[in-house]
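Nothing in this text is a laboratory measurement; each read-out follows from the coordinates by a stated rule. Quick caveat, the model's predicted, so the values are computed rather than measured. As a convention, Cβ positions derive from the backbone with ideal geometry for all residues, glycine included, and neighbour counts pool all protein chains shown.
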Amino acid sequence: MLDDALVDRLLDEIDYELRRTGPPEGYPTFPDIPAARYTSEEFFRLEREHLWPNSWICAGRVEDLPENGSYFLFDELGHPLVVVRGNDGVIRCFSNTCRHRGAPVVREARGTARNLRCQYHAWTYSLEGDLVAITDERDFPNICKEDRPLPPASCGTWGGWIWVNMNPEAPPLLDFLGKFAEEMEQFQCERLRLADTDHRVIDCNWKVAIEAFQEVYHFRFIHDRGGFTNLNSRGATMGLLANGNSRMVVPFSKQTVDALGRSSWRELAKLPEQPGMPQIPSVHPIVHSTSYSFTVFPNLITPVAATGFPIMLFFPDGPGRTIIRIYHFAPDWEGDEHTTAMKERYAGFATIIDEDVENMNPMHRAMGVPGFDGVPLSYQERRIWHFNETIDRTIGVERIAEDLRVPQLLGDFIETG
């Protein structure tokens, strides 16, 4: 939950950001991010081999597995995974790979099964991943079934979402989520309902795509509404959290403050509930009175609100192609159809995404232009540097060529306590 001390600190930080005349004294300046990080086949290979297999990734919802034996496939990481609810009710994740010759144990995208059975030679595994039957076992005298379970991945649940990490020895999910999970308690995430989806394929590197949502330096330019902008990007405060996660809180613009009839951006109050857009009653007024968003490393962005929020997931499909999956969640509403207000909300968000992605392919193409060697970042874009530092640490800095690394500069600026 949000405690008063955190809210007061965030407001003071916004006030400081609005008043400052330059970066804080002693804050590191950033050298250019090497442009080749966005185009290099070698860097993409390092990400595939060391970043994605060692990261917690949001893979689905608990309600996607409503009963024992329910399963779904998860293939977004370049490695076939199956997520299944066992006979004991526990949700687990395994490689969708028979230990015989690698055929899948599940073919359908989702379903229900009594066991997991190889689609080639019918080796059979329990829902808990144990090898329980080998066809013509007499012809495999040297195989011990106990030594051949399905390759496990780490799996955990938080907030009603299922998270997977291909590293079976990954640190606990809640330790990784840290402050994000604490601050998200106010949203009663387990009770939320999937309301809408919007999937995009963009011709750009996945980092180009996700970095666009880690700053608001661009906001008043590409999201201008005929001279009206609802946020004051100059007041944005950035919280650099452990494990590459981060928070961004942006005050309302004077135009928005005046339209709401408030005395200043510091006035915190809950917005009136709109017909057809139920609110989560436990959400703190600061969320009603700012743009409040998180990055969960490496590929999740969520701008939260009392009426629900999107979970945005960014997956690489090659060095120059990104799949963006957007899932809108909302507190429960009457009926199965969207209300008029919900339709307007999701259409409006889609327009914002259209405006953001319009620049992504040209930006990616620019990374390969002769003379465009690096990306300079401002203090306002420090979340992007934090993100890239964490990529390098996860890959292993020593594995990365010196001309592709970013220096580790922000360790002393990570929020603690």
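At 222 nm, what value in deg cm²/dmol follows for the chain if DSSP H runs of at least 4 each add -39500 (n - 2.57) and the sum is divided by all its residues, to the nearest 500?
-6000 deg cm²/dmol
Roughly how far apart, in whole Å, are the Cα centres of the stretch 165-199 and the stretch 16-45? Cα centres, the stretch 165-199 to the stretch 16-45: 27 Å. The alpha carbon gyration tensor of the stretch 299-359 gives principal lengths a ≥ b ≥ c with a/c of 1.5 or higher and a/b greater than b/c, which makes the shape prolate.
Here's the picture: a label point sits 7 Å out from the Cα of residue 4 along the beta-carbon direction, and within the stretch 268-311 the residues with their amide nitrogen under 17 Å of it are 268-269, 284-286. A compact globular protein would have a Cα radius of gyration near 2.2 N^0.38 Å; the ratio found for the stretch 325-364 is 1.54. For residue 317, the residues whose modelled amide H falls within less than 5 Å of its own, excluding neighbours fewer than 5 places apart on the same chain, are 322, 323. On full extension, the segment bounded by residue 358 and residue 137 gains 73.8 nm, given 0.36 nm per residue less the C-alpha separation.
Mean separation of Cα pairs under 8 Å and 6 or more residues apart, divided by the residue count, gives the stretch 79-208 a relative contact order of 17 percent.
Can you tell me how the stretch 1-124 classifies by the Cα gyration tensor, rounded, prolate or oblate, using a/c under 1.5 as the rounded cut? Oblate. Before anything else, pin down the relative contact order of the stretch 221-380: Cα pairs under 8 Å, at least 6 apart, normalised by residue count, whole percent. The normalised contact order for the stretch 221-380 reaches 17 percent. Looking at the square roots a ≥ b ≥ c of the eigenvalues of the Cα gyration tensor of the stretch 185-314, which shape do they give, rounded for a/c under 1.5, prolate if a/b is larger than b/c, or oblate? Cα axes put the stretch 185-314 in the oblate bin. Extending 7 Å from Cα along the Cβ direction at residue 119 and again at residue 416 yields two label points whose distance is 5.0 nm.
Please work out how much length the chain gains when fully extended from residue 373 to residue 49, using 0.36 nm per residue of separation minus the C-alpha to C-alpha distance, in nm with one decimal.
That pair, residue 373 and residue 49, stretches by 114.1 nm at full extension.
By the Cβ distance rule of under 4.7 Å, the chain has these cysteines without a partner: 58, 144, 189, 204.
Expressed as a whole percent, the proportion of Cα-Cα pairs in the stretch 318-417 lying more than 22 Å apart is 56%.
When you restrict to C-alpha pairs under 8 Å that are six or more residues apart and normalise by the size of the chain, the relative contact order lands at 21 percent. The calculated FRET efficiency for residue 27 paired with residue 203, based on their beta-carbon distance and R0 = 45 Å, is about 0.80. Take 399-410, 60-71 and order them by the average number of nearby Cβ atoms within 10 Å per residue, most first; the result is 60-71, 399-410.
Taken as Cα centroids, the stretch 365-415 and the stretch 258-298 sit 32 Å apart, rounded to the nearest whole angstrom.
If amide H atoms are built 1.01 Å from N in the plane of the peptide, which residues on other chains or at least 5 residues away come under 5 Å of the amide H of residue 375? Correct list: 33, 35.
I'm a student and want to see the number: the projected area of the Cα convex hull of the stretch 87-246, averaged over all directions, in nm².
14.4
For the residues 349, 74, 180, a GNM of the chain with alpha-carbon springs under 10 Å puts the largest fluctuation on 349.
Taking the three principal axes of the alpha carbon atoms in the chain, the coordinate ranges are 80, 56, 39 Å, sorted in descending order.
Per-residue Karplus couplings for the stretch 359-369, computed as 6.51 cos²θ - 1.76 cosθ + 1.60 with θ equal to phi - 60°, are listed in order as 8, 5, 5, x, 5, 5, 4, 5, 4, x, 6 Hz, Gly and Pro entered as x.
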